[in-house]
Amino acid sequence: MTPQLISLTRRYVTANFLLAITALSCFGQSIYPGQHKDKVRVETTSSMRAHSFDLKDVKLLPGRVYDNLRRDSAWMASISVNRMLHNFRNNAGVYAGLEGGYESVKKFGGWESLDCDLRGHTTGHLMSAYGLMYAATGNQLFKLKGDSLVAGLAEVQKALGPSGYLSAFPEELINRNLQGKSVWAPWYTLHKILAGLIDQYLYCDNKQALYVASKMGEWAYNKLISQSESTRRLMLRNEFGGMNESLYNLYSVTGDNRFRELARFFYHNDVLDSIRNGDLNMGTKHTNTFIPKLIGEARNYELSADDDSRQMASDFLNCMIDKHTFATGSCSQKEHFFDTENFSKYINGYTGETCCTYNMLKLARHIFCWTASPKVADYYERALYNHILAQQDTLSGMVCYFLPLMTGAYKVYSTPEQSFWCCVGSGFESHSKYAESIYFHGDNELFVNLFIPSELSWEEKGLKLRQTTQFPSADNTAFEILSAPKNKFKLSFRYPSWSGQPTVRINGKKVSVKGNPSSYISINRTWHAGDRIDVTYPMTLRVETTPDSRSKGAILYGPIVLAANLGTEGITAPAPFSDPTVRNDYYTYNYNIPQHITDKLPFDIADIAENILPTDKALTFKTRDGLTFSPLYDLHHCRYGVYWDFNKAHSMTKLNPGEICEADVTGVISPETSKHPKAFMTLPGTENVSAVMFAFQNMNEETLFKMQPFRDKMSALGVALVWIAPGFGQEWDVRTGVQTAFDDMLVALAEKSGHTEIKDAPLIPFGHSAQATMPWNFAAWNPERTLCIISYHGDAPRTNLCGYGRSNVEWGRNRNIDGIPGLMIMGEYEWWDARLRPALAFRMMYPGSCISFLGDAGRGHFDLSERTADYIARFIEKSLDKRLIDGQLMPVDPTEGWMAQSWEPRQKNRAKAAPWKEFSGCRHDAFWYFDKEMADMTERRYAETLDKRPCYISFLNEQGKLLEYNPKGHCKIIAKIAPNSDDTFSLKCVFTDSTRTKTVNSRPNDIIQIKYVSGPAIVLDDGTFRIDRNHPTWDNPRRRGRITLCAEAPSDKRFKETVQEIEVLVE
């Protein structure tokens, strides 16, 4: 496509490039229909249902909203113009202070630091905010500050040359963007500067600002308009903020068609064409890179009546309100869209980027002008009160980046000089312009959309109106006509979607109200000075559930989201303020939520009115258990809860730590018993369960779960232990229904124990031998819930050499276990290199996998030592510490761990374990470990056996003779035993030669201990056991009377540890 065709074409062929996203937003005021009539050369050509007032026409009166404006104005007034211009002056070579001397300028940090690609964006924000604050308050200080910024930028623009380029960074950043090279988002920053200059002209009548803005526009036109189509597409892959919107606005105030042509150059096909074609699936794209593009389309519709632009903007807004909005009116998690089919999953500590809500309100305001839609006005109120108002700290005036909705989180605020995030800039603007959407007007109609204390002057009609109210602390608002036009006109009061039947009185006389919620109450009459209108909007408590759950939701009173104050435990300095020493800490913030905090409420949604009761304080409620709820916008410097799991079952008495809860696995019939398997859960010693470790009846699963030191460690960590007998799902083939049966089992255990958190708790699959493939496959099908994986004396991930002797389940092309720690353990005396090598190959095939390996030196296949159990416990503890952050599972980055060489028996020389990036050994023959501690624990195990001799053990029969040893058997020694009358039996062991046919005196026999492995037996003392006829296997014909035990001897200076298993068949 030639440059000439580019300048004439409205639409562009869809690009195949992926959208590059960054953590930014776009701001700066738009021009709304009806505003700035004396400054607009190209007016709105489309039909409008409502028009905006100029901000100067509406004056805020004291109240809760005004308090935010006042705090915002104090912060804005304190900011030094010279410091804000410093980076611009340095970039242009303009005098900026004697660096290092007495006249040096103190530098700002954060996103305004000299090495940040976005430096200068806050100057643009502040020009907009100073203009807005001047219009809102009439305070000359803000005009003077704006004038100073504009004058300083004009000086910088002149110094940078005749092209008109203006920024705090060199033009080379723009060149890098055009070349597709790495750079943050230079057009985003230029948009902010351009928008701020336009706002200075519109709100402060600063004509120098318009001149500088026009020069910037000319530079951009000359820079871009002759670029090739491929370059244009490449450029638009990077975030460009609202350049299209600001260029449409520049076209509107200058009439220069070049700027409209350039605005259309920023039409982003990859994003907008799909919306134009009716596809509103945003996937996981960066939310606030999306929204500004639609604001630009809204301006295009207003200036050119382009129906495609109108449809795109309208469809997008409705989709956002209907599907992507939290109860607070906010959207996005970690700045991105998410799968709304799993809405509850994304209620975390990183919800609601404030800039998204800022821009959504801008888009909503445009569309309200087109439609006068009460639905749009309802959304605007919700987002304004519950997000924008809630963003600002009432103590310091600082603002937060995210509005976290995870129970137990708290708001993380900016700092005065070291943050300057995008949401700081939008915050300057947001809290300056509360008055902008209280009122709108038609030709002969006044719309009252918000109930905020204010005065309106509609000079064109000769109307002055004062609104006084304590809303939302009170449910009524009053309007007084200070001056009125001579002719009839219509007053239309919003009838909110949340309101009961409103009551309207004119001069004390009740009038009839018609209409339904989410509509307007319109009164058309001749009004007179002194007339008073009183409107009451009844408010009630209600719950808004998430789209994916009928029992999870947020509590609202009227339009106000109520949050529970959950205290300040664990909030230590610098919290709740951002730590300037940590880069963008809000994005990975660890809230360190105390374990006792829960999102459970012990009643059903239908019973909310009986369980959450009003107090003497407005908008404050308490549960019968003493939990206090108040508006989210008033909760600061404390933890809080917004979304709740409502269920009467939560009022059930929880089982005590250590108690065992049982539940049938109703989705499975065991072929061993022709009955449902049974799950046995041992609860931890913590108030809530942090994770669930589960295993199926086999062998060492039972060994581990009965080891008291291991149980104690899991109890302290909050890990519940679930043992299922008989076992099922060796392959974990979800096509057989095992997943559904397992999930239903967890629900049953949760309900029976009273620990409902078990349903969604992170899971730790553990399997031994024939069950050792299951943990890998379970994780591959449940990556979002698997905390870590333990495959004991068994299999590598995705191997076809499975412990159960059949082919493995195929994972498919896209399934993996990246970021999930996995531990494979293999005993020395069961060594089989063919089982180990697939694990190494898997780790190389999947670089994001985190596979650890422990060669269990001196051990066999059927045994599990206490120190190996301790190793497993430490691995689980590390997994909890590294992954479970504020209730969310975070992936592990293997490159941040350690590497150690694989091990094999009789190995002599080993590469030294080291951090991932420093490991000098062969990476094809090495495994990953969490850290130095785990790597060292592994290496010590190997070093202890080096150069030591093996020794051998066997068992004696009642006559004192050695039992037969079958080297080809799975269990090498089998003994049939008739127990004593009291169901006891005893065994003795001796050291033997390697054939287990001769006893030897190399070591004293009394150091040998016989340990329990599995089956219906109780250990009485070393060598003596009692039959356990209450064991779950006793009713299992296949397993009744089968007991596995293991003799073991410790290592010494000459000999390695040694073990010998035995299967006891009770006659």
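When 289, 284 are checked against the criterion of being assigned by TED's automatic domain parsing to the domain that holds residue 260, assigned to a loop (DSSP other than H, G, I, E, B) and either buried (at least 20 other Cβ atoms within 10 Å of the Cβ) or of a type outside the set (Phe, Trp, Tyr) (or both), 284 stands alone in meeting it.
Matching residues to (1) under 19 Å from residue 132 (Cβ atoms); (2) among the basic types (Lys, Arg):
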site: 163; (1), (2): no, no
site: 179; (1), (2): no, no
site: 189; (1), (2): no, no
site: 209; (1), (2): yes, no
site: 219; (1), (2): no, no
site: 227; (1), (2): no, no
site: 233; (1), (2): no, yes
site: 241; (1), (2): yes, no
site: 260; (1), (2): no, yes
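Residue 327 meets the conditions (1) within 27 Å of residue 400 (Cβ to Cβ); (2) among the small types (Gly, Ala, Ser); (3) not in a loop (DSSP other than H, G, I, E, B) in every case but one. The failed one is (3).
Taking the criterion of being surrounded by 15 or more Cβ atoms within 10 Å (Cβ to Cβ), touching a Phe, Trp or Tyr at 6+ places or on another chain (Cβ under 9 Å) and either in a loop (DSSP other than H, G, I, E, B) or at pLDDT below 95 (or both), the residues of the range 490-516 that qualify are 496, 498, 499, 502. Just one of (1) under 15 Å from residue 313 (Cβ atoms); (2) crowded, with 23+ Cβ neighbours inside 10 Å fails for residue 243. It is (1). The set of residues from the range 975-1017 being loosely packed, with under 15 Cβ neighbours inside 10 Å and among the aliphatic types (A, V, I, L, M) comprises 978, 1000, 1007.
Per-residue answers, yes or no, for (1) closer than 24 Å to residue 271 by Cβ; (2) surrounded by fewer than 21 Cβ atoms within 10 Å (Cβ to Cβ):
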{"site": "307", "(1), (2)": "yes, yes"}
{"site": "312", "(1), (2)": "yes, no"}
{"site": "358", "(1), (2)": "yes, no"}
{"site": "399", "(1), (2)": "no, no"}
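Within the range 951-964, no residue that is closer than 19 Å to residue 1004 by Cα sits with its Cβ atom under 6 Å from a residue that is among the acidic types (Asp, Glu) and crowded, with 16+ Cβ neighbours inside 10 Å at 6+ positions apart or across chains.
In this structure, residue 167 does not qualify as surrounded by 19 or more Cβ atoms within 10 Å (Cβ to Cβ), assigned by TED's automatic domain parsing to the domain that holds residue 32, within 23 Å of residue 255 (Cβ to Cβ) and small (Gly, Ala, Ser). Would it be correct to say that residue 980 is out of contact with any Asp or Glu (no Cβ under 8 Å at 6 or more places or on another chain), closer than 30 Å to residue 671 by Cβ, of a type outside the set (D, E, K, R) and part of a loop (DSSP other than H, G, I, E, B)? Judged against the criteria, residue 980 is not a match. For the residues 451, 479, 428, 447, the requirement of being under 30 Å from residue 189 (Cβ atoms), at pLDDT 95 or above and of a type in the set (Phe, Trp, Tyr) singles out 428.
Restricting to the range 946-962, name every residue that is surrounded by 16 or more Cβ atoms within 10 Å (Cβ to Cβ) and closer than 19 Å to residue 1063 by Cα.
952, 953, 954, 955, 956, 962
Those helices (runs of 4 or more DSSP H) of the range 102-183 in which 2 or more residues are free of Cβ contacts under 8 Å to residues at least 12 places away in the same chain and more than 19 Å from residue 238 (Cβ to Cβ) occupy 140-159.
The single residue among 273, 279, 308 that is over 30 Å from residue 598 (Cα atoms) and either part of a loop (DSSP other than H, G, I, E, B) or assigned by TED's automatic domain parsing to the domain that holds residue 784 (or both) turns out to be 279.
Sub-7 Å Cβ pairs linking a first residue in the range 864-893 that is without any contact (Cβ under 8 Å) to a residue 24 or more places away in the chain and not assigned by TED's automatic domain parsing to the domain that holds residue 928 to a second residue that is crowded, with 21+ Cβ neighbours inside 10 Å and among the charged types (D, E, K, R), at least 6 apart or interchain, number zero.
With the requirement that a residue be surrounded by 14 or more Cβ atoms within 10 Å (Cβ to Cβ), under 26 Å from residue 883 (Cα atoms) and of a type in the set (Val, Ile, Thr), what does the range 893-945 give you? Listed by number, the list holds a single entry, 938. With respect to residue 985, determine if the residue is at pLDDT 95 or above and outside any loop (DSSP other than H, G, I, E, B). No. Taking (1) out of contact with any His (no Cβ under 9 Å at 6 or more places or on another chain); (2) in a loop (DSSP other than H, G, I, E, B); (3) more than 30 Å from residue 368 (Cβ to Cβ) in turn, residue 46 satisfies each apart from (3).
The values are calculated or read from the model by the stated rules, or taken from the named source; none is laboratory data. As the structure is a prediction and not an experimental result, all values here were calculated from the model. Quick reminder, even Gly has a Cβ in these numbers, built from the backbone with ideal geometry, and neighbours come from all protein chains shown.
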